[in-house]
Amino acid sequence: MGVLMIRCPNTEKSISTGLRMDSAAFHSMPVFFSSTRCPSCGSLHKWFARDAWVCDCGPDNCDPNCDKCKMPQPKGGRSERQHSD
């Protein structure tokens, strides 16, 4: 089971939402909206499911070279990136 992650828009760091689930369950859920207090910048980030991904490595062990999960492509057309920090 992985951890649902989002990207902090202020620091660009990957942060945990505190929600645990597997990828199959996450991808079968309807679209939803939520918010998470960011441990990186202290802000309350509001996000949609499309902005999140399941990290099977765990929030403390996320590896920028991980092939298990990828963060969504950032807005602004940058090329696909894997999660970092």
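Dividing the convex hull volume of the alpha carbon atoms of region 2-55 by its residue count gives 62 Å³ per residue. Modelled spin labels at Asp22 and Ser34, positioned 7 Å past Cα toward Cβ, are 1.8 nm from each other.
Quick note: the coordinates plus some simple rules give every number you see, no bench work behind them. Bear in mind that the values here come from a model prediction, so they are computed numbers and not experimental data. Cβ coordinates were reconstructed from backbone atoms using ideal geometry, including for glycine residues, and neighbour counts include every protein chain displayed.
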